[in-house]
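See below for the structure under consideration.
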Amino acid sequence: MLSNPASKSVVLAFRQIPQTIGAANLLAEQCDRQLLVADFDETSLEAAFRKAPTDGSVCIVAGPVSATKSWEGSNDGISLQQMGMLLRSCRCASENRPGTAFGIVTAPDSDRFHSHVHKGKSVLEALRTEAVLAIPRTGPTWSADDRPQIPVELGGPVSTLPTSALLCYLDDVKSRRFSTIIVEGHGRSYCVNEGQFCGGGEGGVADGESKFTCLDRLDCASSRHLRLPVDTFSAGLMILDACEAGSFVSPAVRMGFPPISVGALRQIEAVIATDVAVVRRNDDVKRIVECARRCRTLGDLVVAINRLRTRGNPRMPYHLLGDPEWPCPAYLSNTYASVQTEVDQREMSLSLSAPLKEALNAIHQQALAGGSVSQLLNCMSRALADVITRAETVAWPHGLWSVASVATDVVRTPCPSCGIPEQFVRSYKSFDGNRVFVDCGHCRLLFDYPAKSTTTLSISSACSNTFPVGESAEFVVTICAGSEGCVGVVAISSGAETGGPSIHPKIHEVALGLGQSKSLSITCILDDPHQTAQIYYLKVMAILNGQIHLTGAPVVVSHGSQQRSEA
């Protein structure tokens, strides 16, 4: 089906979701665009994208998100897994059309979906006279009893309110409707800034005290923080500038919980978010505000933000949940010729903990002096012990050391674990030279290793990605020696995103000849029935031939009767 074939922009609907066809027809008429109807599969999507002009936009009408774990979704909307596949297809298509703006029209339910389709454009136009609210992560902290006298003018064109001051101005923020809200910070699929903005929990009062629960009725991992449901805010557009706030492949999503970006659509007309861990330089929230004030449409804005974040990130790190031809409500004037997208090129300090630096130096000194294998293994064990200790207190693996000169590419090689052909490959410089970090875009299996190493480290499991409390899970770690053989030490632990392994990892020694391999079968048990919602990892850490290798994957912790049933 085709309407106005002369248009440079396209609206795409799916035969398997009948209600998207009528909605897509309405959206095509609103902005005078082509209408395409395709089957929902990767081959048909690829063919539909090829029909779209390279200098226009592509609006994909997906229908409401169905919070089910099944692949099929429903006749009324799209499943979480299908949303993940749709984003992968858009990112793949963007390789040959970097200037094309993609947008996905969706909502948490049918009522909101129809409201977006019929009223989204007019609502965004009406909000252009309202203020922009920028919420940076960092800033001074105040109590509710000591409201700070800072230049926050909620009626001004741009209001800046640090996350730490939100409590002081909460009533003002909740009573206003903004043109755009920009939230900067650290993210998970279900919350931003350690729970400050919540997308998966419920609040209540028990025994006179506020009680909050997170996913699966577990406790919030950061209960000391103010937790605002993401739909507390009202605006035309929300930009969630936080890692994975729009992820459709996280462990929480695989349990059936939509990402925080979808929850925001209950009160927001359109959302820009990222489904990956993004690298940010010195382009703080002010740069995002600048982009939003200079872009006429939402499609222009998401393209500008992706250009701003080109260095160190995969193609199209940010995506739009909304129509790319809808007006950007923060748009100020057309007096700007273009959006400036350069970023700071200065190198970061390549810091490393003193004990680890000393231990690695000892390894190299032993090697130069012709030390015995036992002496080398002893030095490596000391170095690995420091890596294990550090992994308990920092975000793993990104917090183990600083990086510089990050470059990212998307590789279409099937993941060795889930088989999905989308892996993010980041090359970077660190304390020991050039390194490579590989992250599967679907199951989040990761590898981090020296770029020139011919020795490999891998992990596999016969079980699913669920880690049952009180039960054992068997994992196999395999070391394959390269062209120079391999001498080293390996350890595996299981623990939360920011520390606390449940088992003290045993250090295994390895000595292999040219081309040889060795497999270690390891049993992990999560004894403590944790009640805190957290991302858990299997963490494999090794020092092989004096160099650090890492691999691992996030896992879903099952709590028996608390486990959410499939919808």
Residues of the range 32-61 classified as surrounded by fewer than 18 Cβ atoms within 10 Å (Cβ to Cβ) and out of contact with any Leu (no Cβ under 8 Å at 6 or more places or on another chain), total: 12
Test: residue in the range 455-473 that is modelled with pLDDT of 65 or more, of a type in the set (Ser, Thr, Tyr), crowded, with 18+ Cβ neighbours inside 10 Å and closer than 27 Å to Gly195 by Cβ: no
Residue that is modelled with the lowest pLDDT [pool: residues in the range 130-169 that are open to solvent by less than 30 Å² (accessible area, probe 1.4 Å) and assigned to a strand (DSSP E or B)]: Ser159
Of the criteria (1) closer than 20 Å to Ile260 by Cβ; (2) open to solvent by 10 Å² or more (accessible area, probe 1.4 Å); (3) of a type outside the set (Phe, Trp, Tyr); (4) modelled with pLDDT under 85, which one Val65 fails: (4)
Residue in the range 203-211 that is modelled with pLDDT of 70 or more and not hydroxyl-bearing (Ser, Thr, Tyr) present: no
Filter pass, Ile260 being touching a strand residue (DSSP E or B) at 6+ places or on another chain (Cβ under 7 Å) and within 21 Å of Gly195 (Cα to Cα): yes
Residue in the range 431-444 that is out of contact with any strand residue (DSSP E or B) (no Cβ under 8 Å at 6 or more places or on another chain) and either among the charged types (D, E, K, R) or at pLDDT below 80 (or both) present: yes
Residue count, the range 215-245 (criterion: within 12 Å of Gly195 (Cα to Cα) and either at pLDDT below 70 or open to solvent by 20 Å² or more (accessible area, probe 1.4 Å) (or both)): 10
Close pairs from the range 118-131: first in contact (Cβ under 8 Å) with a residue 60 or more places away in the chain, partner of a type in the set (Gly, Ala, Ser) and surrounded by fewer than 20 Cβ atoms within 10 Å (Cβ to Cβ), Cβ under 9 Å, at least 6 apart: Val123/Ser115
Checklist (1) among the acidic types (Asp, Glu); (2) under 25 Å from Val61 (Cβ atoms); (3) crowded, with 23+ Cβ neighbours inside 10 Å applied to Asp300, failing item: (3)
Qualifying residue in the range 395-407 (condition: over 21 Å from Thr310 (Cα atoms), modelled with pLDDT under 85 and open to solvent by 30 Å² or more (accessible area, probe 1.4 Å)): yes
Qualifying residue in the range 329-350 (condition: at pLDDT 90 or above, within 23 Å of Arg91 (Cα to Cα) and open to solvent by less than 40 Å² (accessible area, probe 1.4 Å)): no
Residue list for the range 170-188, restricted to those being of a type in the set (S, T, N, Q) and either assigned to a strand (DSSP E or B) or in contact with a Lys or Arg (Cβ under 7 Å, 6 or more places away or on another chain) (or both): Ser179, Thr180
Selection from the range 512-567 of residues that are aliphatic (A, V, I, L, M) and at pLDDT 85 or above: Leu512, Leu514, Leu520, Val540, Met541, Ala542, Ile543, Leu544, Ile548, Leu550
Phe233 being among the aromatic types (Phe, Trp, Tyr) and farther than 19 Å from Ile78 by Cα: yes
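The values are calculated or read from the model by the stated rules, or taken from the named source; none is laboratory data. In this text the structure is predicted, and so the values were computed from the model without any measurement. FYI the Cβ positions are ideal-geometry reconstructions off the backbone, even for glycines, and counts take in every protein chain you see. Areas reflect the complete protein model, heavy atoms only, side chains present, ligands, DNA and RNA absent. Shrake-Rupley method; radii C 1.70, N 1.55, O 1.52, S 1.80 Å.
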